[in-house]
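Below is one structure, written out as structure tokens; the observations come after it.
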Amino acid sequence: MRLIDFGVREDEKKYIEEWSKENNIEVKIVSDLLTPETVQLAKGYDGIVAYQQLPYDEKIFDAMNEYGIHVLSLRNVGVDNVPFAALKKNQIRLTNVPSYSPEAIAEYSVTGLMALLRNLKHMIRKVDQHDFQWAPDIGRELNQLTVGVAGTGRIGRAAIKIYQGFGAKVIAYDKFHNPELEKEGMYVDDLDTLLKESDVVTLHIPSLGKGHTLINSKSIAEMKDNAIVINTARGDLINTKDLYDAVASGKLYGAVLDVYEKEVGVFNSDLSDQEFSDDVLDKVIKSPRFILTPHIAFYTTKAVKNMATVSLNAMVSELNTGTSENEIDLEK
Ligand code: COI
């Protein structure tokens, strides 16, 4: 079996190399993303592993079919940038890594919230200037707040545990109810109720697609005054301009954004010597009431190792047995 792994960052290499040695399977490591041009490097290989934020071009799958490659294994969880129709047309199966570390994302949600509740961004900026005054950066305590968790999959459930550990009241919304959380009476009936009753709303759901947002001027109007939004899920769940305006006007307290609707090509790039043309992002970065980070919630040693190795294990299972526990249902 010969595998090829695209879009590999330096920090992933050692885990792939170790896996290759342990499993005695050749894995060609390629730092380029998977595109209609680079896919030709896969000729002669049995399966393609990849991770990228850019959309996967349909032509990639025509080429894979031509080369007799019928499995694409992703190193991440989100499949929103993969055109399912092109996979189906070319009889290509898709796997992801659904659970590389729910705790990494959940812990980050709380990390961002604590930083915002204690006004750390502003305080650190002041101290950098040798201004050591307390006011106006008085903090708020998490144990006094109601946290609304939107989405109770693995990440949402890991977040709930941590928020409860801090003594917060936790309520949750999901279309599908987890039996344990149901028993605890944690679910509210609808999203509107979650928005109305929460001091903090943390998003743990996939993209809604088709330009649909969950947080926008209409839903923000339903939220409690002074509430906080946390997004470690997908940038397009939020209309960022509406969110910025709500914070600037004082309706909302602030937000923790680890994802952004226009992050592709920006996050994980060094743009320090370039003109910055995204006015909304610029305002968010400058505001002390926004904790903005470049999609780093997942970025831990545990998660990166799991992404590298679980994707390869899924590929081996697909090639040896025709399926794997991480295969995506392309009909959904
Ligand atoms: C995903 O796994 O889909 C993520 O959002 C993390 C990604 C930046 C590797």
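Each value in this text was obtained by applying a stated rule to the coordinates, not by laboratory testing. Fair warning: this is a prediction, and the values are worked out from it, not measured in the lab. Cβ sites come from the backbone with ideal geometry, for glycine too, and all protein chains shown count toward neighbours.
Highest mobility in the GNM of the chain, judged by mean-square fluctuation with C-alpha springs under 10 Å and restricted to Lys28, Lys13, Lys126, is found for Lys126. Placing unit charges on each Cβ (+1 for Lys and Arg, -1 for Asp and Glu) gives the stretch 102-292 a dipole about its Cα centre, and among Ala106, Gly209, Gly165 the Cα reaching farthest toward its positive end belongs to Gly165. The dipole here belongs to the stretch 54-184: it is taken about the Cα centre, uses +1 on the Cβ of Lys and Arg and -1 on the Cβ of Asp and Glu, and is about 140 debye. The distance separating the Cα centre of the stretch 123-139 from that of the stretch 1-52 comes to 47 Å.
Please order Ile25, Ile228 by the number of other Cβ within 10 Å, starting at the fewest.
Least crowded to most crowded, the residues run Ile25, Ile228.
Residues of the stretch 122-153 falling in the label zone of Lys169, defined by backbone nitrogen less than 16 Å from a point 7 Å along Cα to beta-carbon, are 141-149. The Stokes-Einstein estimate for the stretch 177-229, based on a Kirkwood radius over Cα pairs and taken at 10 °C with 1.306 mPa s viscosity, is a diffusion coefficient of 127 µm²/s.
Placing +1 on the Cβ of every Lys and Arg and -1 on the Cβ of every Asp and Glu, with nothing else charged, gives the chain a dipole about its Cα centre of roughly 460 debye. Per-residue extension of 0.36 nm, minus the Cα-Cα distance of Ile124 and Asp32, leaves a gain of 29.4 nm for this segment. Full extension of the chain between Asn24 and Gln91 gives 21.4 nm of extra length, using 0.36 nm per residue less the Cα-Cα distance. Let a ≥ b ≥ c be the square roots of the eigenvalues of the Cα gyration tensor of the stretch 49-123; is it rounded (a/c under 1.5), or, if not, prolate (a/b larger than b/c) or oblate? Prolate shape, in that a/c is at least 1.5 and a/b is the bigger ratio.
Annotation: amide H of Ile230 within the under-5 Å range of Val201, Thr202, Leu203, Val256, sequence separation 5 or more or interchain, hydrogens built in the peptide plane. For the stretch 102-292, the ratio of Cα radius of gyration to the globular rule of thumb 2.2 N^0.38 Å stands at 1.02. Could you give me the percent of Cα pairs per 5 Å distance bin for the stretch 262-322, shortest bin first, beginning at zero and ending with the bin that holds the maximum distance? Whole-percent P(r) values from 0 Å outward: 3, 13, 16, 16, 13, 10, 10, 8, 5, 4, 1. Across the chain, the fraction of Cα-Cα pairs farther apart than 39 Å, rounded to a whole number, is 20%. Cα centroid separation, the stretch 188-233 to the stretch 257-332: 21 Å.
Using Cβ point charges alone (K and R +1, D and E -1), the dipole size of the stretch 1-51 about the Cα centre works out to roughly 140 debye. 3J(HN,Hα) couplings calculated from phi for the stretch 130-142 with the Karplus curve 6.51 cos²θ - 1.76 cosθ + 1.60 (θ = phi - 60°) are, in sequence order, 6, 9, 9, 6, 6, 5, x, 8, 5, x, 10, 9, 4 Hz; Gly and Pro show x. Taking every DSSP helix (H) stretch of at least 4 residues in the chain, weighting each as -39,500 (n - 2.57) and dividing the sum by the residue count yields a mean residue ellipticity at 222 nm of -11000 deg cm²/dmol. Counting charges near Tyr253 (Lys, Arg +1; Asp, Glu -1) among other residues having Cβ under 12 Å from its Cβ returns a value of +2. Comparing Ala85, Ala50, Ala135 in a Gaussian network model of the chain where C-alpha atoms under 10 Å apart are linked, the largest mean-square fluctuation is found at Ala135.
Under 5 Å from the amide H of Lys224 lie the amide H atoms of Ser198, each residue being 5 or more positions distant or on a separate chain, with H modelled from the backbone and absent for Pro and chain starts.
Given Lys169/Lys218; Lys224/Lys262; Lys89/Lys332; Lys13/Lys88; Lys28/Lys305; Lys169/Lys251, which pairs have Cα atoms separated by over 19 Å?
Lys169/Lys218; Lys224/Lys262; Lys13/Lys88; Lys169/Lys251
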